[in-house]
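Asks: The following block contains the structure, expressed as structure tokens.
The values are calculated or read from the model by the stated rules, or taken from the named source; none is laboratory data. These numbers were taken from a predicted model, which means no experiment stands behind them. Cβ: placed from backbone, ideal geometry, glycine included. Neighbour counts: every protein chain shown. Protein only, heavy atoms only, side chains kept; ligands, DNA and RNA dropped before computing areas. Shrake-Rupley method; radii C 1.70, N 1.55, O 1.52, S 1.80 Å.
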Amino acid sequence: MSGHSTYEPKTGIERWLDVRLPILRFANDTVVTFPTPKNLNYWYTFGGILALMLGIQIVTGIVLAMHYVPHVDMAFNSVQRIKRDVNYGWLIQGMHANGASMFFLAVYVHMFRGLYYGSYKAPREVLWILGCVIYLVMIITAFMGYVLPWGQMSFHGAVVITNLIGALPVVGPAITTWLWGGFAVDDATLNRFFSLHYLLPFVIAGVVALHIWALHVPGNSNPKGVEVKSEADTVPFHPYYTVKDGFAISVFLLLYAAFVFFAPDALGDAVNYVKANPLVTPAHIVPEWYLLPFYAILRALPNKLLGVIAMFGAIATLFVLPWLDTSKVRSMRYRPAIRLWYFIFFIDCIVLGFCGAHAPDDLVIPGVSGLQLGDANLNSFVWLSRFAATFYFAYFWVITPLMGLTETPLKVPESISEPVLSHPASAPMGAMASPEKRG
Amino acid sequence: MLRKAFAFAALGLALMAGPALAGATHAEPKDVHWSFEGPFGKFDTAQVQRGYKVYREVCSACHSMEQMYFRNLGQKGGPFYDEKYKNPNDNPYVKSLAKDLQVKDIDADTGDVIQRPAGSADRFPAPFPNEPAARAANGGALPPDLSVIVKAREGGPQYVYSILTGYKDPPPGLKTGPNQYYNPYMSGDMTSSWSGKGPVPEGGFIAMPPPLVDGRVTFDDKSPSMLSQEAKDVVAYLAWASDPKATERKEFGLGAMIYLFFFSVLLWFSYRRVWKNIGH
């Protein structure tokens, strides 16, 4: 997609096609000869894993749509029919339902990798923002997909989330009614969610194409965070990264298969095997695990509108991250001071996830009720999520800008290939005797 | 450093584990073991057959199983599968089981609603024509559909077994209303009914009277018909009905895992070889 092409058509047909539609040249330059930094580690394989997961979700989803019935009276039974009577329906449905979880697992690793190695910094801001767009559309798609089986959690989750829009002043209730296609979550809602759940993955695929385009203009970032200086720093994508990504994909599929075949319901909620009943509300309404941190942020605030703003703000923050980070050093490998905060942030996200899974008034440490401050029990999950949500925002809006200005980074190597052994953990100090680079 | 991060994360998980309880309580389900547990577990055909008899003679009086067809009993992995009949609809034993029950149909000549003996392609008939009828016959409570009951309850087969075998006389001081039976494994909050000494007992009220007692069902294979046996068998049947493709899934999965494992090993060596001369 950029740079000069090394493709040479060999046969007559290829030469003929090359002057008319250079699609083979494009494919060659994109996935065969594309010069890729030679020091990408396994954290960088998740881009390929994600591309595969998107493909699996689309293919299994198309087959499921052939058998699924988007009607409030038939949706639940049609999913059961797929699992019981459709040939290999149990496999296709299991791959799709667990595939959503695996997709999010991979996207979180991919995002945390980008965060750690500063992959969002100039000149890759657009690449990062496109990634954030993909993530946002993924959340919407996954939420709508979860509604389709029309179990108890599907229905009541849809009620809770669509009602959030109603918190907007003045226009909120009207928009909610418009989204529902009626005055409650009902058949019209299910139908449009099905339609959009089918549409949005193709939107994701389109943005993925832009994401890869934006990747191939500046080229990959890498664990050292220094730009490619010469050809010695790179290897062609094929076979070097096709085989490395291929190995990582295969290992990832082992994990995926373990869930699909041996624990297909481990990541789901038992309540969703009960057919949706608007008159019976489940004791605890919780989203799937991958949305729990945002659910915790939503519930951390006592006011519904503020909670909605905070939840969307948590995602919106990611979009502006490239301009919040003031450090000129890309990789946290050379930023020991912020690295610690980064790991605390990682744990913070997991803590938020646990907060989202528990009822707000549940005790964090069972049996300890002493941490009372006025009316507030600081040992409750709602308070833990308040602290954790505060840290979530502080990490991006306070710690990240401040650390870039105040920290003293380690010496950044001159280039990717020199010195070869420049990982700070393994190299003697002399090996990194290049002058400090801050840009 | 990343390793350290994982250690931190694990520590975080350890600190967070253990949900706190508030309001509703229930006893931990009994620790029962099943032949179908784990990645290699399979259903015990004889047990699932006995379980079907318990369901048919006891549960089906009130509980529907709307996802189930008689043919399911004769499909591969089902309790009455017979290799001679690849098409389970042809299985004579399944046909004979179906024939004992009546299903509603429309007379093709007159258009009248009629009752006819069920065939293997029919769904299990529901005990009540609709929800209000089911509630009216059960003191206002709705007996849940049992098609996926083992998947639809936290704790799965252990939970269902514990409910069936866990009925207890209410402790003195616990006021039980009409159609209320005390069961420590049922989740509930009995604070308002408790006037006894000490803390409120674990568990809640269930509207279903104890369905199984010793000797309730006579098994064809002379298995002892104690309560625990009946309960275990019917739970095995319900677990199979909730996930009839479980055995096929696990067998397929084993092959897939072995394939992926060797594929990964192959790719690992390919990777080592391709990258051999690249310093990185």
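Asks: Filtering segment B:29-46 down to residues that are hydrophobic (A, V, I, L, M, F, W, C) and away from chain A (no Cβ under 14 Å), which residue is surrounded by the most Cβ atoms within 10 Å (Cβ to Cβ)?
Replies: Going through the qualifying residues, I end up with B:F43.
Asks: Looking at segment A:262-293 only, could you name the residues that are in a helix (DSSP H, G or I) and open to solvent by less than 50 Å² (accessible area, probe 1.4 Å)?
Replies: Residues satisfying the conditions are A:A270, A:V271, A:N272, A:Y273, A:Y290, A:L291, A:L292, A:P293.
Asks: Sticking with this structure for a sec: Only one of these is under 30 Å from B:I258 (Cα atoms), open to solvent by 60 Å² or more (accessible area, probe 1.4 Å) and among the β-branched types (V, I, T): A:V251, A:V217, A:V243, A:V228. Name it.
Replies: Only one candidate passes the filter, namely A:V251.
Asks: Next up: Report, by residue number, each residue of segment B:246-280 that is surrounded by fewer than 16 Cβ atoms within 10 Å (Cβ to Cβ) and among the basic types (K, R).
Replies: Correct list: B:R272, B:R273, B:K276.
Asks: Scanning segment A:63-73 for residues that are assigned to a helix (DSSP H, G or I) and in contact (Cβ under 8 Å) with a residue 24 or more places away in the chain, which turns out most open to solvent (accessible area, probe 1.4 Å)?
Replies: Restricting to residues being assigned to a helix (DSSP H, G or I) and in contact (Cβ under 8 Å) with a residue 24 or more places away in the chain, the top hit is A:V63.
Asks: Within segment A:346-367, identify whether any single residue is under 30 Å from A:L301 (Cα atoms), assigned to a helix (DSSP H, G or I), at pLDDT 85 or above and more than 23 Å from the chain's Cα centre (by Cα), and answer yes or no.
Replies: No, the conditions are met nowhere in segment A:346-367.
Asks: Looking only at segment B:11-47, which residues are at pLDDT 80 or above and not in a loop (DSSP other than H, G, I, E, B)?
Replies: B:T25, B:T45, B:A46, B:Q47
Asks: Which residue out of B:D243, B:D221 is open to solvent by 20 Å² or more (accessible area, probe 1.4 Å), charged (D, E, K, R), out of contact with any Ser or Thr (no Cβ under 7 Å at 6 or more places or on another chain) and within 26 Å of B:R123 (Cα to Cα)?
Replies: Among B:D243, B:D221, only B:D243 is open to solvent by 20 Å² or more (accessible area, probe 1.4 Å), charged (D, E, K, R), out of contact with any Ser or Thr (no Cβ under 7 Å at 6 or more places or on another chain) and within 26 Å of B:R123 (Cα to Cα).
Asks: Filter segment A:274-303 down to the residues that are closer than 21 Å to A:A167 by Cα and among the hydroxyl-bearing types (S, T, Y), then identify the one that is nearest to the chain's Cα centre (by Cα).
Replies: Top of the filtered list is A:Y295.
Asks: Scan segment A:254-289 for residues that are among the hydrophobic types (A, V, I, L, M, F, W, C) and more than 14 Å from chain B (Cβ to nearest Cβ) and report the count.
Replies: The number of residues fulfilling the criteria is 1.
Asks: Which ones in segment A:364-380 are at the interface with chain B (Cβ under 8 Å from one of its Cβ atoms) and crowded, with 19+ Cβ neighbours inside 10 Å?
Replies: A:V364
Asks: Right, something else. Might you check whether a residue that is under 30 Å from B:F36 (Cβ atoms) and more than 14 Å from chain B (Cβ to nearest Cβ) occurs anywhere in segment A:290-300?
Replies: Yes, because at least one residue in segment A:290-300 is under 30 Å from B:F36 (Cβ atoms) and more than 14 Å from chain B (Cβ to nearest Cβ).
Asks: Can you tell me which of A:A394, A:A310, A:A314 is modelled with pLDDT of 90 or more and either more than 29 Å from A:G166 (Cβ to Cβ) or within 12 Å of another protein chain (Cβ to nearest Cβ) (or both)?
Replies: A:A394
Asks: Here is a follow-up. Condition first: aromatic (F, W, Y) and within 14 Å of another protein chain (Cβ to nearest Cβ). Now tell me which residues in segment A:87-136 satisfy that.
Replies: Matches in segment A:87-136: A:Y88, A:W90, A:Y108, A:F112, A:Y116, A:Y117.
Asks: Filter segment A:160-177 down to residues that are open to solvent by less than 40 Å² (accessible area, probe 1.4 Å) and more than 24 Å from the chain's Cα centre (by Cα), then give me how many there are.
Replies: Of the residues in that region, 4 qualify.
Asks: Checking the conditions here, which among A:A388, A:A376 is of a type in the set (G, A, S) and without any contact (Cβ under 8 Å) to a residue 40 or more places away in the chain?
Replies: Sole residue among the options that is of a type in the set (G, A, S) and without any contact (Cβ under 8 Å) to a residue 40 or more places away in the chain: A:A376.
Asks: I'd like to know if segment A:145-154 contains one or more residues that are within 18 Å of A:G356 (Cβ to Cβ) and within 16 Å of the chain's Cα centre (by Cα).
Replies: Looking for residues that are within 18 Å of A:G356 (Cβ to Cβ) and within 16 Å of the chain's Cα centre (by Cα), one finds none in segment A:145-154, hence no.
Asks: Out of segment A:74-86, which residues are part of a helix (DSSP H, G or I) and at the interface with another protein chain (Cβ under 9 Å from one of its Cβ atoms)?
Replies: A:N77, A:Q80, A:R81, A:K83, A:R84 - these are the residues of segment A:74-86 that are part of a helix (DSSP H, G or I) and at the interface with another protein chain (Cβ under 9 Å from one of its Cβ atoms).
Asks: Let me ask another. All but one of (1) among the aliphatic types (A, V, I, L, M); (2) at pLDDT 95 or above; (3) surrounded by fewer than 17 Cβ atoms within 10 Å (Cβ to Cβ); (4) farther than 30 Å from A:A122 by Cβ hold for A:A388, so report the exception by its number.
Replies: Failing condition for A:A388: (3).
Asks: Condition test on B:E202, is it open to solvent by 80 Å² or more (accessible area, probe 1.4 Å), in contact with a Phe, Trp or Tyr (Cβ under 9 Å, 6 or more places away or on another chain), in contact (Cβ under 8 Å) with a residue 24 or more places away in the chain and not aromatic (F, W, Y)?
Replies: It is true that B:E202 is open to solvent by 80 Å² or more (accessible area, probe 1.4 Å), in contact with a Phe, Trp or Tyr (Cβ under 9 Å, 6 or more places away or on another chain), in contact (Cβ under 8 Å) with a residue 24 or more places away in the chain and not aromatic (F, W, Y).
Asks: Sticking with this one: Do we find that A:V235 is in contact (Cβ under 8 Å) with a residue 12 or more places away in the chain, more than 10 Å from every other protein chain (Cβ to nearest Cβ) and either crowded, with 19+ Cβ neighbours inside 10 Å or of a type in the set (K, R) (or both) in this structure?
Replies: no
Asks: Among (1) under 20 Å from the mean Cα position of the chain (by Cα); (2) in a loop (DSSP other than H, G, I, E, B), where does A:F312 come up short?
Replies: The one condition A:F312 does not meet is (2).
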